[in-house]
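The values are calculated or read from the model by the stated rules, or taken from the named source; none is laboratory data. For clarity, every value in this text was computed on a predicted model and none was experimentally measured. Glycine also receives a Cβ, built like all others from the backbone with ideal geometry; neighbour counts cover every protein chain displayed.
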Amino acid sequence: LKTWKSLMLASTLAAGLTFVAAGCAPKSAAPGGDSAQSGNQKEYVVGTDASYAPFESVDSKTQQVVGFDIDVVKAIAEKEGMKVKFVNTPWDGIFAALNNGERDFLVSAITITDERKKTMDFSDKYFEATQMIVSKDGSVKTLNDLKGKKIGVQNGTTGDTIVTDFLGKDYKGIKRYDSMPLALEALKNGDVDVAVGDNGVVIDYVKNNKADNLHTAIDPKFPKEYYGLAVKKGNTELLNKLNDGIKKINEDGTYKKIYDKYFGQQ
Ligand code: ARG
C-alpha cells in the first residue's frame, strides 16, 4: 500500500547504520557523509549492544547492525517518519550514553524493570522473554541446582540480577562478562559450568553450536520479562512517537512478519 525507500549509507562509525524511512522523497547517498542530504530532519541516534543475536549483532560481511530489534525499530521509524541511525554501544555504559544525550533512545533487548524505570522511561513492551540456563551436561535445571556451580552471566543484566539475588552478593561463583558471547564462550571453554541469559539468545546460540550438544532449562520461578525501548527520563515526545509506532506495526501485521522472520519455526 505504502511505498517507501530505504537508504543504507556508509557510516563514519564502524558499526553504524543509517536508515531513512517514511514518506519522504528518495534521497541520494552523500559520499563521505551520512547526513548531508537530510536537510532539517532530525536523525535519532539509537544505541544498541550489538552482540546479542538474533536481536542485535554486527553482520560480519556488511559491518551493519542487524537483527530483530533493528527491524522492529526500522519499522517503527517508517511509520513515524523518523530517520534513525544505529550505533553499537557496549552494554556497560549504554544507560549512561542515554542519560548524557549521546544516544536518543536504546533498543537492546532491554527488560523493563522497576529499578531501571527510576532512571529512564520505557516504551510499551514489544517482546516477551525469560531467563534460560544452559549447560553441557543438562544437570542444572533450576536456580537451586546453581548452588556450588560456576555461573557465567552478562554483567548488569537481568540474568545477573536473578542469579545474584538468589545466591547472594557474596557468592563467589558468579562470573560476570561484558557480553553474552563471552559468557557463552566461557561455558564452552569450561571456565564456567553454566551460563544464564535471555532465552532468545541462548536458543540461537545452541542452534548455531549443535556440535557442543548443549542443554537448556527454564526454572518455573523465572519471571516473564518484557523488552522495551528506553528513552531519557521525561522525553515524552519521543516516547509517544515510539509507542504510536509500536501500536501501528502491531495493528497492520508488520510486527508479526518481523517476529516470524526471526522466531517463526521454533
Ligand atoms: N534482557 C536482559 C536485560 O535487560 C539482557 C539484555 C542484554 N542486551 C544486550 N544487547 N546485550 O538485562
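A few points about this structure:
- Candidate set: the stretch 195-216, residues that are closer than 23 Å to residue 56 by Cα and part of a strand (DSSP E or B); chosen: the one nearest to the chain's Cα centre (by Cα): 198
- Residues being under 16 Å from residue 226 (Cα atoms), away from the ligand (no atom under 15 Å from the Cβ), assigned to a loop (DSSP other than H, G, I, E, B) and not small (Gly, Ala, Ser) are represented in the stretch 117-128 by at least one member.
- Conditions (1) under 20 Å from the mean Cα position of the chain (by Cα); (2) of a type in the set (Gly, Ala, Ser); (3) away from the ligand (no atom under 13 Å from the Cβ); (4) modelled with pLDDT of 95 or more: number failed by residue 81: (1)
- Residues of the stretch 217-240 that are surrounded by 19 or more Cβ atoms within 10 Å (Cβ to Cβ) and either assigned to a loop (DSSP other than H, G, I, E, B) or among the acidic types (Asp, Glu) (or both): 219, 222, 225, 228, 229.
- So residue 158, is it within 24 Å of residue 103 (Cα to Cα) and of a type outside the set (A, V, I, L, M, F, W, C): yes
- Single residue of the stretch 49-78 satisfying the filter (among the charged types (D, E, K, R) and more than 16 Å from the chain's Cα centre (by Cα)) that is nearest to the ligand (Cβ to nearest atom): 61
- Within the stretch 84-116, considering residues that are free of Cβ contacts under 8 Å to residues at least 60 places away in the same chain and more than 10 Å from the ligand (Cβ to nearest atom), the one surrounded by the most Cβ atoms within 10 Å (Cβ to Cβ): 103
- From the options 191, 198, 178, 165, residue that is among the charged types (D, E, K, R) and more than 16 Å from the ligand (Cβ to nearest atom): 191
- For the stretch 129-162, the set of residues classified as assigned to a helix (DSSP H, G or I) and either more than 15 Å from the ligand (Cβ to nearest atom) or farther than 30 Å from residue 248 by Cβ (or both) consists of 144, 145, 146, 159, 160, 161, 162, listed by residue number.
- Within the stretch 228-266, the set of residues being closer than 11 Å to residue 123 by Cα and among the β-branched types (Val, Ile, Thr) comprises 231, 236, 246.
- Candidates 243, 250: the one that is in a helix (DSSP H, G or I) and in contact (Cβ under 8 Å) with a residue 12 or more places away in the chain is 243.
- The listed residues are 130, 164, and the only one of them that is without any contact (Cβ under 8 Å) to a residue 40 or more places away in the chain and among the hydroxyl-bearing types (Ser, Thr, Tyr) turns out to be 164.
- Condition check for residue 183: outside any strand (DSSP E or B) and within 14 Å of the ligand (Cβ to nearest atom): yes
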